């Protein structure tokens, strides 16, 4: 049984989220099948798998390895293999580089032109662009917003299904994210950074990290903690001022 034939067959029927299925197929089609798609399942070794992921950027390598682990796990269940060649394969660690983002005060004061309402909405609610674009009037009730879908259908993960308090006005979003990107580019930030604006706003208000995780729709609290542990220069100045009162 060839790798590509088996992988496409099992991933097509696995009980996984559609986004995960798309991610797996994309990773395999781009980084595995061109060289190893025609190889027999039993011929692939740990060194082959390590060579595949070693050449990729860490986030892409992690997704590709996850896809391969799933395929070979199924191959074992089907009786094609006795052990997975992915055992012991390691990817390079993902470096958590702090993203640049605007504080809420900066978002409020900035002139984003006719898309100011949409940008402030994202910054004040922590929604992903794909989630905001999928909102309908029925998602707004009693001062709350129900986030249950994205323009891709399902949300990014089960944890992304959530309810957040509505704090600003909602206006329809442009169909292409490029429109907002062009508005944000002069400020040196991206659409996703507006989620960091929201996370930092929660931190400033003393919202506990587990509550912030729920509001942001993070599946892993470590993602939220990576944002919460970012320290801005003004926080260091504030800490210095407090210390001077005691010393």
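What follows draws every value from the coordinates through simple rules; no lab data is involved. The shown structure was predicted, so the numbers you read here are calculated from the model rather than taken from an experiment. So basically every Cβ, Gly included, is an ideal-geometry build from the backbone, and we count neighbours across all protein chains shown.
General observations
- Any hit, region 140-147, residues being touching a residue at least 40 places away in the same chain (Cβ under 8 Å) and in contact with a strand residue (DSSP E or B) (Cβ under 7 Å, 6 or more places away or on another chain): yes
- Evaluation of residue 214 against the conditions (1) without any contact (Cβ under 8 Å) to a residue 60 or more places away in the chain; (2) within 17 Å of residue 131 (Cα to Cα); (3) surrounded by 20 or more Cβ atoms within 10 Å (Cβ to Cβ) shows that the sole unmet condition is (3).
- Candidates are the residues of region 217-232 that are part of a loop (DSSP other than H, G, I, E, B) and in contact (Cβ under 8 Å) with a residue 40 or more places away in the chain; the one that is surrounded by the most Cβ atoms within 10 Å (Cβ to Cβ) is 218.
- Among the residues of this structure, residue 134 counts as one that is without any contact (Cβ under 8 Å) to a residue 40 or more places away in the chain, within 19 Å of the chain's Cα centre (by Cα) and surrounded by 17 or more Cβ atoms within 10 Å (Cβ to Cβ).
- In region 168-196, of all residues being under 17 Å from the mean Cα position of the chain (by Cα) and part of a helix (DSSP H, G or I), the one that is nearest to residue 111 (Cα to Cα) corresponds to 194.
- Subset of region 36-54 (residues that are out of contact with any helix residue (DSSP H, G or I) (no Cβ under 8 Å at 6 or more places or on another chain) and exposed (fewer than 15 other Cβ atoms within 10 Å of the Cβ)): 42, 43, 45, 46, 47, 51
- The residues listed here are 241, 199; of these, the one that is part of a helix (DSSP H, G or I) and farther than 25 Å from residue 112 by Cα is 241.
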